[in-house]
Structure formats: structure tokens, C-alpha cells
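Please read the structure below before turning to the comments.
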Amino acid sequence: MFIQPNLLPALPEMVMLAMTCLVLVVDLFLPQEKRGFTLLLSVLTLLLTLAAVVFVAPVDSISSFGDSFVLDQLAVTLKIAVCIITILVFIYSRDYLIDHDIYKGEFYVLGLFATLGMLIMISAHSFLMIYLGLELLSLSLYAMIAFNRKSLMASESAMKYFVLGAMASGLLLYGISIFYGITGTLNINELAALVAAQADQNPVALAFALTFIVVGLSFKLGAVPFHMWLPDIYQGSPTAVTLFIGTAPKIAGFAMTIRLLVDGLSDLQVDWSQMFIVLAVASMAIGNIIAIAQTNFKRLLAYSTISHVGFILLGILAGTANGYASAMFYTITYAITASVSFGVLILLNRKGFEAENINDLSGLNHTNPWYAAMLAIAMFSMAGVPPTVGFYAKLSVLQAVVQVDLVWLAVAAVLFSVIGLFYYLRVVKVMYFDEVVEDQVTSIKPSLDVRILLSANGLSLIGLGMFPSLLMVYCIRAFA
Amino acid sequence: MYADWPLLSLVIWTPIIGGILVLFAGDKEPSGARKIALLVSIVTFLLTLPLYSQFNTDTHLVQFVERESWIPAFNIEYFLGIDGISMPLILLTSFTTVIVVIAAWEVIQYRASQYLAAFLIMEGFMIGTFSALDSILFYIFFEAMLIPMFLVIGVWGGANRIYATLKFFLYTFIGSVLMLIALIYMYNKSDGSFAIFDFHYLPLTLTEQVLIFLAFLVAFAVKVPMWPVHTWLPDAHVEAPTGGSVILAAIMLKIGGYGFLRFSLPITPDASAELDWLIITMSLTAVVYIGFVALVQQDMKKLIAYSSIAHMGFVTLGFFIVFRIMDVDSSAQGSALALEGGMVQMISHGFISGAMFLCVGVMYDRMHSRQIADYGGVANTMPVFAAFMVFFAMANAGLPGTSGFVGEFMVILASFKASFWIAFLAALTLILGAAYTLWMIKRVIFGGIANDNVKALSDINKREFLFLSLLAIAVLVLGLWPDPLVNVMHATIDNLINHISISKI
């Protein structure tokens with residue numbers, strides 16, 4: 001018998017889909033000089049989605065579509081974060097797109113579809129839904145990277161990302177198929193129950209399947225040794241797209257990890273925690289050490305991302321509600337911090353000049369003290385220096401790790417973050433201590449909306465650092 | 001009337017908010033920024049005075065307490081309060097900042113507002129460090145102050161400033177991250193409290209204590225700095241602008257010493273007793289070996305930097321000799337002498353080293369050289385200045401009647417109870433200190449005029465006279481009449497000695 005599913009929990013996704021189609025159609029009829037309307041409509045889409053998320057937000061948790069879609073506290077918080085960050089991305093990247101002659105409606109349509117994919121990933125509670133969301137996100141991103149047809153490097157990046165992304169998806173699918181073979185279900189809730197029953201009889205097969213899932217996830221998150229694609233993609237993509245890839249999808253990746261491993265495979269926590277220990281230490285080590293040698297700012301941020309993924313994994317591997325909450329806090333604040341870093345970088349781009357090397361930031365404090373300060377705050381936050389939010393994120397992850405008696409892991413983490421501090425300080429050094437290189441950085445005058453949003457974005461790093469509870473309560477509630 | 005005021009919050013946030021205002025005042029009209037900065041620093045100093053006048057010297061309990069829940073998820077509190085150990089250091093901080101602002105008046109022309117703002121914000125963070133009673137709050141202030149100092153050295157420093165400032169930041173950061181792990185460990189042990197006083201009463205096994213002690217040691221030894229992790233200090237001092245050197249020497253180093261008193265001794269008393277030989281050895285090495293190193297320096301700032309390390313060796317010696325004294329003398333008096341000696345030495349060194357760096361700064365502004373060899377016979381052209389410099393040099397060498405003598409004398413006297421040889425080695429500093437300081441004075445100040453540059457020197461102006469005489473008064477008063485300082489510490493120090501004499505195991 002066909003039962004009408006409860007559509008309400010999926011209202012945000014439906015709003016987004018409908019609006020995205022509208023944007024797609026409306027954009028067709030707009031002349032180039034009115035492209036701003038597409039942006040406006042896209043931002044409106046995100047705002048409406050945001051409103052829908054808040055509107056349907058349940059007290060605890062509701063599921064629908066035969067339990068394959070769930071809207072809980074975790075989903076609500078992460079969806080809000082994704083929507084806000086995507087709005088920032090769209091607005092920050094406008095001037096860049098204009099200057100590089102790629103100010104086209106497709107950018108926003110693809111971006112919205114990618115966001116839709118993320119929202120689905122966040123709420124997905126069956127293997128099929130997770131995979132659908134992931135592919136919607138990935139396919140949109142492939143196209144966005146290759147968006148600048150004239151750039152060889154971007155095409156190469158898109159190709160790389162496509163091949164490696166497809167392989168990662170394949171590995172993930174393989175793991176999923178083995179789990180389906182063992183349990184006969186695609187639903188996460190049923191999976192959890194069946195895995196618990198099977199754990200004693202079939203440990204090898206479960207561990208085998210789990211390995212593929214973890215590898216697939218590590219690929220998507222960019223954990224060492226599955227990180228090779230990240231620096232190339234970050235560097236090769238147009239900065240506007242790097243800004244997007246480097247922020248919101250991290251949140252979706254975190255959600256996917258939680259849905260698969262914590263919701264579905266918590267009985268195998270001992271196994272995946274051990275795998276994560278290796279991945280986390282390797283990510284923090286490789287990410288931080290290789291970042292030192294980078295001269296390209298986008299590559300540097302890519303390696304920094306890798307090291308931050310290590311920290312996020314640390315929180316997850318603790319295997320406690322506390323740890324998950326701290327990893328969630330870390331992911332969201334990392335995305336906010338990264339949007340400041342890329343946001344400042346993207347401002348420096350002008351027609352015919354692609355700012356992407358660290359040296360392009362020389363003397364930024366002389367020409368643009370305010371934006372230099374914003375980027376400096378972002379750098380200190382990434383390094384985990386108080387009073388920025390990055391410190392508190394690290395503190396809560398470390399606390400979770402120490403709580404489960406993995407003190408050595410915490411010690412390793414902080415020592416690697418000292419190494420990390422070095423290259424973040426180098427960026428500050430270039431901005432504050434170096435002289436202006438002739439005709440590289442001039443005074444930038446972004447439009448008012450960018451100015452306000454970027455300033456708010458940068459100051460939020462200090463605000464959240466001083467009052468982390470504003471966000472932390474939602475993270476704790478998500479895993480209560 | 002002050003009882004209801006959140007005085008500590010005021011003295012922390014006034015300079016920080018004032019600093020941000022100065023930042024916005026901008027460099028178009030630097031005199032405006034200067035005036036705001038001076039006003040803010042003086043107001044902050046005045047606000048710290050009630051901390052002294054209203055201070056109850058009869059109790060060891062913390063006073064002026066402010067306690068609010070801050071981050072409930074981890075039970076982190078906005079918990080402020082001061083006792084006899086922290087209060088003098090807060091006064092030292094606010095006093096020194098006024099001096100630094102005056103000293104920067106005409107000297108700093110390049111981005112003056114950012115320079116002054118950095119110092120004001122740093123002042124707030126430093127006072128916060130001294131008054132925080134929640135360990136995470138302490139850690140936040142402790143780390144946050146690195147950022148303005150990093151920028152001060154890097155932007156306004158000398159030729160090799162970038163190397164020096166990176167080294168400074170990385171050294172201090174690497175020291176403190178291990179302390180963070182120790183704090184989190186104790187948080188889990190204490191069922192979810194980050195309050196420092198809860199840690200004081202936390203039972204810990206000897207192994208735990210030793211590990212925690214070592215984590216703290218790394219953090220504070222780098223900050224003090226103790227031999228052999230002192231190498232960042234000469235670099236940082238030499239490259240820093242005058243104000244940066246003054247703040248570094250006068251206050252930042254004291255935070256290491258303060259940390260030993262606030263964390264290491266009371267939280268891990270057994271480990272401290274067990275490992276006191278380590279600290280005593282490191283301190284004596286600093287006193288003797290670094291004293292010799294100071295003797296051969298060609299650069300005045302470097303010489304004073306090394307002398308700072310030697311003097312801070314006295315502080316740590318005073319703090320950790322107490323266990324030896326307690327073994328031979330059951331009354332608390334001898335140990336109290338050692339701890340109070342260390343404290344007096346910290347305050348006095350704050351004034352003297354700050355003054356010495358300012359003196360070098362005065363000369364550097366005129367000659368743009370710190371090399372001893374470039375000077376000679378300065379007394380002939382700058383007689384007033386020479387009088388000040390000689391006075392501070394005497395104080396640095398520990399001349400009786402100046403504050404430099406009091407602390408050193410107390411520590412040496414206390415050490416005698418523990419061991420003759422420790423006292424003997426420590427007392428060598430009086431000779432070495434006199435040697436390197438006075439020899440520098442001889443070469444720089446006295447003698448015939450060495451070259452035309454010295455001949456062209458003009459004596460100090462009113463502004464320079466003002467800040468040097470303020471410091472001279474402080475050094476003299478503290479040297480002749482240290483009671484007002486020692487009295488406020490008595491109750492706290494006695495309680496600390498009681499606390500550490502009881503084993504936690």
C-alpha cells in the first residue's frame with residue numbers, strides 16, 4: 001500500500017529545488033548587465049531555504065520517506081550553517097566573476113544544486129540518499145571547477161577531481177554494497193540494528209566493508225593518505241570556486257561521516273576509531289609539515305585544510321557525544337574561518353591579476369589595514385591562538401580526546417599545531433612586516449555588502465571565540 | 001566605595017577598549033592617538049590604585065572576586081580575583097604601560113596609533129593573566145598577549161626583527177600547548193572544573209604530578225626564561241623597539257615566575273620537591289653562566305637581556321629553594337623569606353630592567369646604534385642622562401639602597417639556610433652583575449668623548465626626564481622601604497608555604 005510520506009521535513013529541499021529551477025529559467029531571459037538579478041534571486045533562494053529550515057525545525061527529530069530522511073537537531077544546525085556560508089560565498093565571489101568574465105547565471109545554478117546536494121547529504125538516512133546527495137554535490141562541483149573554459153589549469157583540475165572523485169565514490173559504493181550484502185538493508189537505522197546482531201558472527205566481512213566506507217569518506221574529506229587531489233584542486237580552480245569547495249562541503253562531509261559511522265556503524269566504533277587515529281595523525285603531520293613549503297596561498301590553505309581534517313577526525317574518533325559535538329563545532333567554525341581567508345584573497349583579485357601567492361599579500365597592512373586585520377584574525381584562528389574561535393575549537397576536541405585517555409594523541413595534536421602555527425605566522429608576517437611590492441596590492445574598495453559581510457564574518461571569529469557557547473549549545477544538543 | 005565595582009574587569013577592559021579606540025583614531029592625526037593612549041593608560045593606572053589601597057593584607061583569600069559562568073559546556077568561568085602575589089604585578093603592569101606610552105611619544109612616528117594600541121591591548125591581556133583564576137581564562141590571556149607583542153617586534157623592530165619575532169612566538173607557543181594538555185587532564189580528573197584553586201586541592205599521584213610539573217615547567221621556563229630555553233630572549237630584546245623590550249623585560253618575564261607560584265608549586269608540590277634540584281641547577285646556571293655570557297656582549301641591549309636572565313634565575317632559585325629550607329627549618333620563616341625575596345626581585349627587576357632598556361632607547365634614538373664600541377664619554381655631553389643611567393646600573397648590580405639589593409639579599413639569605421654552596425654560587429651574581437653592568441657603564445658613559453657622534457649628543461628632554469625619574473623614584477623607594485610591598489604578600493605567601501608543605505600523595 002502506498003503511504004503518503006510526510007513531506008514537511010523535506011520542505012527546505014523542496015523550496016530550494018523549486019527556486020533553483022526558477023533561477024535557471026529566469027536567468028535565461030536576463031541580459032548580461034542584469035546578471036545581478038540572478039545573484040539576488042540565488043541569495044533569496046538560500047534565505048528562503050534558511051527560513052524553511054527554521055520553520056520546520058523539530059523539537060527533537062522526525063524522519064520521513066520510509067526512514068530514509070531525517071530532520072534532527074544535527075541536520076537543522078548544519079543546514080543553517082551551509083546556507084549562511086553559501087550566501088557568503090555567492091556575494092564574495094561576485095567581483096571576481098565579473099573581473100574574469102565568468103559572471104554567468106550557471107555559476108549560481110550549479111552552486112545552488114551543490115547546496116541542495118549538501119542539504120540532502122545532511123539529512124540522508126539511507127545509503128541511497130547519502131549517495132544521491134553526494135553525487136549531486138560532486139557533479140555540480142566538477143562543472144563549477146571547469147567553469148572558466150579558457151583556463152587550462154581549471155580544466156585539468158576538474159578532470160582530476162572528476163576521476164579521483166569518481167574513484168572515491170566507487171570505493172564508497174563498494175563498501176555500501178558489501179554492507180547491503182551482509183545486512184540486506186540500505187536504511188541506516190536498520191543497518192545499525194543488524195550490524196549489532198552480526199558483529200560477533202561476521203567480524204571480518206564487516207571490517208572489510210567498513211574499510212571501504214572509511215576510505216571513501218577519507219577521500220571526500222581529504223584525510224591523508226587520500227588527500228592528493230586537494231591541493232591541486234584548490235590551486236587550479238578559480239578562486240571563487242575554491243572558496244566554495246573549501247567551506248560548505250566540509251560541513252556536508254562531516255554530516256555524511258556522522259550519518260554513516262556514528263548513526264549506522266556505531267557498533268564498529270572500535271574499528272573505525274583505530275583507523276581514524278592513523279588517518280588523523282597522518283593528516284596533521286603531512287598537512288602541517290608540507291604546508292610550510294608552500295608559496296601559493298591556495299595550496300597552503302589546502303594543506304591547512306588537511307591538517308584541520310585531522311583535528312575533526314580526532315573529535316569523531318573519541319566516540320563520545322562530547323567528541324562528536326566538538327568535531328561539529330570544529331567543522332562549522334573551520335568553514336567560517338576558511339570563508340574569511342578565501343574572502344580576503346578573492347578581494348585582491350583584479351582584472352588580469354590573479355592573487356594567489358603568499359607574496360601577493362605583501363604589505364597588505366599598509367594598503368588595506370582592515371582586511372589585513374581580518375585575514376590575520378583568520379590565520380590566528382586557524383592556528384588556534386586565543387581569543388579567536390579556533391582556540392576554543394581545538395580546546396574542545398582536545399578535551400574529548402583526553403577524556404577517553406588518549407593523552408598521547410592530544411600531545412601529538414598540539415605539537416603538530418605548533419608546526420602549523422609557523423606557516424600561519426608567515427602569512428601574517430608577509431602582510432604586516434613586508435614592504436608593498438610595486439603595483440601588486442593597491443587599495444581595494446569592495447562594494448558595501450561585501451564590506452559588511454566580510455567584516456562581520458571576520459569579527460565573528462573573535463565573537464565566537466569570546467562566546468563559544470552561542471554555537472556550542474547547538475552542537476551539544478545535536479548529540480544529546 | 002569600591003567594594004561593589006567590578007574593578008578587575010575595569011582594569012582589564014579599559015585598556016583593551018581604549019586600544020581599539022586608539023586604533024580607530026588612526027595615523028592621520030597621530031597626536032590625537034597619543035593623547036587618547038596616554039589618557040587610557042593613566043586612567044587604567046589610577047583604577048589599579050584602589051586594588052592596593054583597599055587590599056586586605058590579613059587574609060590569603062582572593063579579593064575583588066568576580067565570578068560568572070562563561071562557557072557552561074565546559075564549566076569555564078569568567079573568574080577573576082587577586083591575592084598578594086598577583087596584586088603587585090598588576091600595579092607594575094599598569095605603571096609600566098604609562099611609562100611605555102610616554103616613552104613612545106615622539107620616538108614612534110611610523111604607524112603610531114597601531115603601536116600604542118598594541119601596547120594598550122597587551123596591557124589588558126597581561127592584567128587579565130595575573131587576575132584570572134580560571135585556568136582556561138588564564139591560558140587565553142596568556143596566549144593572546146603574544147599576538148600584539150609579535151606584531152610590535154615584527155613591525156617596529158630592528159633589522160633582524162622577523163627572525164626574532166617568529167622565534168619569540170614559536171618558543172612561547174610550544175611551551176604553552178603542553179600546559180594546555182595538562183590543564184585539560186586535570187579538568188577531567190577534577191570532575192569538570194577549570195578553576196585553579198580546585199586544581200590546588202586535586203589529589204594526584206607522583207607520576208601524574210611529575211608529568212604535569214614538566215608540562216608547566218616547559219611553559220613557564222620558556223617565559224621566564226630559564227637556561228637552556230632562554231635563547232629567544234636576547235634576539236627578541238635586541239630587535240624589539242624600546243617599548244617592546246620594556247614590556248618584555250618588565251612584565252612578560254614575570255608571568256613565568258607568577259606561573260610557578262600560581263600553578264607549579266601548589267598544584268604539584270610533591271613533584272616540585274622531587275625535582276627542585278633541576279630548577280635549582282637551571283637557576284644557578286642562569287645566574288653564573290649567563291652572567292659570564294653577559295660580560296662579553298658588545299650590544300647594550302643584549303647585555304641587559306642576558307642580565308635579565310641572570311636576575312630571573314634568582315627568582316626561580318628563591319621559589320624552589322623552599323623545599324630545601326623546609327627540610328632543615330620547620331618554621332615557615334625561612335621559606336617565606338625565599339619566596340618573598342623572589343617576588344621582590346620580580347617587581348624590582350621590572351623597574352630596573354625597564355629603566356635600563358629605556359636608557360638604551362634614549363641613546364639609540366640619538367645615535368641609532370646599540371654597540372658599546374660606538375659610545376664613550378656620554379657623561380660629557382649628557383650629564384643628566386648619565387646620572388640616571390649610572391643610578392639604574394648600580395641598581396642592576398644590586399647596590400644596597402636600591403630595590404635590586406633587597407630581593408637578591410633576601411634570596412641569598414634564605415639560601416644560606418639550605419646550603420652554603422648554593423648561597424655562595426648565587427652570591428657570585430653580585431660580583432658578576434657589578435662586573436658586566438659597571439664595565440658597560442665605564443665604556444659607554446665615562447671616559448673622554450669617543451667620537452663626533454657622541455660630541456653631538458643632546459641631553460634628555462623633559463619627557464625623557466619624566467619617565468626616567470618616575471622609575472628612579474620607584475627603584476629608590478622600594479630599595480629603602482620595601483615593607484609596603486612585602487606586607488601585602490605575607491598572608492598569601494604563608495598560606496602557600498603551608499599548602500606546599502602538605503603532601504598530595
>> Restricting to segment B:148-173, name every residue that is of a type in the set (Val, Ile, Thr) and more than 26 Å from residue B:195 (Cβ to Cβ).
In response: B:152, B:153, B:155, B:162, B:165
> Out of segment B:203-222, which residues are surrounded by fewer than 19 Cβ atoms within 10 Å (Cβ to Cβ) and in a loop (DSSP other than H, G, I, E, B)?
Replying inline: B:203, B:205
> Can you pull out the residues in segment B:324-336 that are outside any loop (DSSP other than H, G, I, E, B), of a type outside the set (Val, Ile, Thr) and surrounded by fewer than 24 Cβ atoms within 10 Å (Cβ to Cβ)?
Replying inline: B:324, B:326, B:327, B:332, B:333, B:334, B:336
> Among the listed residues A:411, A:404, which satisfies the condition of being surrounded by fewer than 24 Cβ atoms within 10 Å (Cβ to Cβ) and without any contact (Cβ under 8 Å) to a residue 24 or more places away in the chain?
Replying inline: A:411
> In segment B:37-56, what residues are farther than 24 Å from residue B:81 by Cβ and among the small types (Gly, Ala, Ser)?
Replying inline: B:37
> If you go through segment A:109-138 one residue at a time, how many are of a type in the set (Phe, Trp, Tyr) and either surrounded by fewer than 24 Cβ atoms within 10 Å (Cβ to Cβ) or at pLDDT 95 or above (or both)?
Replying inline: 2
> Among the residues of segment B:177-185, is any surrounded by fewer than 24 Cβ atoms within 10 Å (Cβ to Cβ), farther than 24 Å from residue A:428 by Cβ, among the β-branched types (Val, Ile, Thr) and modelled with pLDDT of 90 or more?
Replying inline: yes
> Residues of segment B:321-349 being in contact (Cβ under 8 Å) with a residue 60 or more places away in the chain and of a type in the set (Ser, Thr, Tyr), which ones?
Replying inline: B:335, B:348
> Looking at this structure, is residue A:376 touching a Cys at 6+ places or on another chain (Cβ under 6 Å) and modelled with pLDDT of 85 or more?
Replying inline: no
> Looking at segment A:307-323, is at least one residue free of Cβ contacts under 8 Å to residues at least 24 places away in the same chain, surrounded by fewer than 24 Cβ atoms within 10 Å (Cβ to Cβ) and at negative phi?
Replying inline: no
>> Show me the helices (runs of 4 or more DSSP H) found entirely inside segment B:351-453 where at least 2 residues are small (Gly, Ala, Ser), within 27 Å of residue B:321 (Cα to Cα) and under 26 Å from the mean Cα position of the chain (by Cα).
In response: B:383-397, B:403-418, B:420-444
> Before we move on, is residue B:124 part of a helix (DSSP H, G or I), more than 10 Å from chain A (Cβ to nearest Cβ) and of a type in the set (Gly, Ala, Ser)?
Replying inline: yes
> In segment B:223-292, which helices (runs of 4 or more DSSP H) lie fully inside it and hold 1 or more residues that are of a type in the set (Asp, Glu) and buried (at least 24 other Cβ atoms within 10 Å of the Cβ)?
Replying inline: B:232-239
> Restricting attention to segment B:175-206, which residues are within 14 Å of another protein chain (Cβ to nearest Cβ) and in contact with an Asp or Glu (Cβ under 7 Å, 6 or more places away or on another chain)?
Replying inline: B:176, B:190, B:194
> Does segment A:433-454 hold any residues that are closer than 22 Å to residue B:155 by Cα and either exposed (fewer than 12 other Cβ atoms within 10 Å of the Cβ) or modelled with pLDDT of 80 or more (or both), and which are they?
Replying inline: A:433, A:434, A:435, A:438, A:439, A:443
> Which of (1) among the hydrophobic types (A, V, I, L, M, F, W, C); (2) surrounded by fewer than 18 Cβ atoms within 10 Å (Cβ to Cβ); (3) within 24 Å of residue B:308 (Cβ to Cβ) is the odd one out, the single condition residue B:475 does not satisfy?
Replying inline: (2)
>> Out of B:106, B:68, I need the residue that is charged (D, E, K, R) and assigned to a loop (DSSP other than H, G, I, E, B). Which one?
In response: B:106
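The values are calculated or read from the model by the stated rules, or taken from the named source; none is laboratory data. Computed from a predicted structure; not experimentally measured. Positions of Cβ are backbone-derived with ideal geometry, glycine not excepted, and every protein chain shown enters the neighbour counts.
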